[in-house]
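Following: one structure in structure tokens, then a few remarks.
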Amino acid sequence: MEISAIQLVISLCRSTKVPCHIVHLSAAEALPLIQAAKAEGLPLTVETCHHYLNLTAEEIPARATQFKCCPPIRSSGNQEALWQAVVDGDIDMLVSDHSPCTPDLKK
């Protein structure tokens, strides 16, 4: 779902030339799409969140719903690719995604 949403944003950005911003990038699989769009000169910016850079799916215990987020936290290989995209400038911003909620919403 994340990839198809990013494809849609890029397509709309291309057709309208309106600046667009991709929020909460977690899927490194989308990076080639983002890199191509930026190389094309589209007015596109991208952010990721600290939890995608500091947590990995392998580290999260089963049924640990306190780590539940959307999009989800992904593998360590994915995390490494996101860090490289930060270094390379493909990801423009790191954000907190501060969104407090009650424990009931995390179940």
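The values are calculated or read from the model by the stated rules, or taken from the named source; none is laboratory data. Keep in mind it's a predicted model, so treat the numbers as computed, not measured. Heads up, the Cβs are rebuilt from the backbone with ideal geometry, glycines too, and the neighbour counts pull from every protein chain shown. Remember, those area values only see protein heavy atoms, side chains included, never the ligands or the DNA or RNA. Shrake-Rupley method; radii C 1.70, N 1.55, O 1.52, S 1.80 Å.
In this simple spin-label approximation, H51 and W83 carry label points 7 Å from Cα along the Cα→Cβ vector, and these lie 2.0 nm apart. Only helical runs count toward this figure. For the chain, summing -39,500 (n - 2.57) over DSSP H runs of n ≥ 4 and dividing by all residues gives -11500 deg cm²/dmol at 222 nm.
Each residue of segment 27-33 was assigned a 3J(HN,Hα) from its phi angle through the Karplus curve 6.51 cos²θ - 1.76 cosθ + 1.60 (θ = phi - 60°); the sequence is 9, 4, 4, 7, 4, x, 5 Hz, with glycine and proline shown as x.
Report in % the part of the accessible area of the chain that belongs to carbon and sulfur, leaving out ligands and nucleic acids; probe 1.4 Å. Can you show the working numbers first?
Numbers: 3910 of 6490 Å².
That fraction is 60 percent.
Find the relative contact order for the chain and round it to a whole percent, using C-alpha pairs within less than 8 Å whose residues are 6+ positions apart. Write out the running numbers ahead of the final one.
On the way: 128 pairs, mean separation 31.4, N = 107.
Relative CO of the chain lands at 29 percent.
Just the accessible area per residue of segment 1-72, please: how many Å² with a 1.4 Å probe?
Values: 4070 Å² over 72 residues.
Using a 1.4 Å probe on heavy atoms only, each residue of segment 1-72 averages 57 Å².
At a temperature of 37 °C and a viscosity of 0.692 mPa s, determine how fast the chain diffuses translationally according to Stokes-Einstein, using the Kirkwood radius over alpha-carbon pairs as Rh; express D in µm²/s, rounded to the nearest whole number. Don't skip to the answer; put the middle values down first.
Details: Rh = 14.6 Å.
For the chosen part, D equals 224 µm²/s.
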